[in-house]
Amino acid sequence: MKLIGEKINGTLLPVRRAIENRDSRFIRELAKLQAEAGADWLDVNAGTSPEKELDDLVWLINCIQDEVDTPLCIDSANPGPLAAAVDRVKVTPMINSISLEPQKLEGILPIVVKTECEVIALAMDENGIPRSLDERLTVIHKLVSATRSSGIPDSKVYIDPLVMAASTNTDNGKIVLDTIRIIHEEFPEIHFCGGVSNISFGLPHRTLVNQAFLSLAINAGLDCAILDPLNRDIRAAILSVELVLGMDKHCQRYSRASKKGLIGRQTDKNA
């Protein structure tokens, strides 16, 4: 299971303040903590106005790269700032994201091709997020056709089936799980990525719902998630599920995490 650390996002108030005040120490610390927690990529989203986005993205990238070597996931819907920001990274990044929306497909897909990077592809088009399973599958088939036509190998594509809150539609979780299973069977080299915590929005005890959904999603084929890598409960759920599914040879990752005190009760490593 690959993890994309979600915490460097300008839509979050503390991060926005750090960007505005050019508080590099705050950003470097967020980067360091997520990297140490095992994030495979660090999502970088300036979350600022288009006229400021490039400067803010470049500043964030420089802060992070001064602190850690973890690859970045550049998160922007604007092709101009995205293309310029991608040129500033030291290690080939992931791009978040393309979709069937014409602006994203026509503006961002060429950047992915040029960079030869991995890309998150959102299961949505100009009409928004498809409501039904069949509609979502249709959008994903079109996305895969577009990436393949551009010469992007399936192994570099991370389909985001778009996790929506169960509180607004109790079928939302099942739609995502069924989407992953069907697409995984049809395109075995394609990866899947999603914002796991969206499923619990508006519900009490959100971590319980997130853990249950994450466990089922990993079993369905989810192999990447955008989440808070500092969340001990979520990290423990991932390692436990992978162990039970036979994805952790000799239980090594689980055992190492336990010895390091990364899972279990903080006062008792054997709990």
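Note on the chain: dipole from Cβ charges, positive end direction compared against 42, 10, 26; the farthest Cα belongs to 26. Residues within the reach of a label modelled at residue 32 (point 7 angstrom out along Cα to beta-carbon, backbone nitrogen below 18 Å), restricted to segment 64-98, are 64-71. Taking Cα centre as origin and charging only the Cβ of basic (Lys, Arg, +1) and acidic (Asp, Glu, -1) residues, the dipole magnitude of segment 7-109 rounds to 200 debye. Ordering 261, 92, 81 by Cα displacement along the dipole of the chain toward the positive end leaves 261 in first place; charges were set at the Cβ atoms of Lys, Arg (+1) and Asp, Glu (-1).
Stretching the chain fully between residue 187 and residue 169 yields a gain of 3.7 nm (0.36 nm per residue, less the alpha carbon separation).
Okay, helix-only estimate at 222 nm for the chain: each DSSP H run of n ≥ 4 adds -39500 (n - 2.57), divide by all residues, round to 500 deg cm²/dmol; what do you get?
Calculated from helices alone, the mean residue ellipticity at 222 nm is -15000 deg cm²/dmol.
Distance between the 7 Å Cα→Cβ label points at residue 106 and residue 201: 2.9 nm. The relative contact order of segment 135-259, computed from alpha carbon pairs under 8 Å that lie at least 6 residues apart in sequence, is 21 percent. With each label modelled as a point 7 angstrom along the Cα→C-beta vector, the residue 142-residue 25 pair spans 5.0 nm. For the pair residue 233 and residue 266, the difference between a 0.36 nm per residue extended length and the Cα-Cα distance amounts to 10.8 nm. At a Förster radius of 30 Å, what calculated FRET efficiency corresponds to the Cβ-Cβ distance of residue 131 and residue 16, to the nearest 0.05? Computed FRET efficiency for residue 131 and residue 16 comes out at 0.40. Calculated FRET efficiency, residue 245 to residue 208, Cβ-Cβ distance, R0 = 30 Å: about 0.90 to the nearest 0.05.
Computed over the chain, relative contact order equals 15 percent, with contacts defined as Cα pairs under 8 Å that lie 6+ residues apart. Looking at the square roots a ≥ b ≥ c of the eigenvalues of the Cα gyration tensor of segment 222-271, which shape do they give, rounded for a/c under 1.5, prolate if a/b is larger than b/c, or oblate? Oblate is the answer for segment 222-271, as a/c is 1.5 or above yet b/c matches or exceeds a/b. Taking the Cα centre of segment 2-259 as origin and assigning +1 to Lys and Arg Cβ atoms and -1 to Asp and Glu Cβ atoms, the resulting dipole is close to 700 debye. Secondary structure note: in the chain, about 5% of the DSSP beta bridges are antiparallel.
The numbers here are math on the coordinates, done by the rules we state, and not lab data. In this text the structure is predicted, and so the values were computed from the model without any measurement. When we count neighbours, we look across all protein chains shown, and the Cβ atoms used for this are built from the backbone with ideal geometry, even at glycine.
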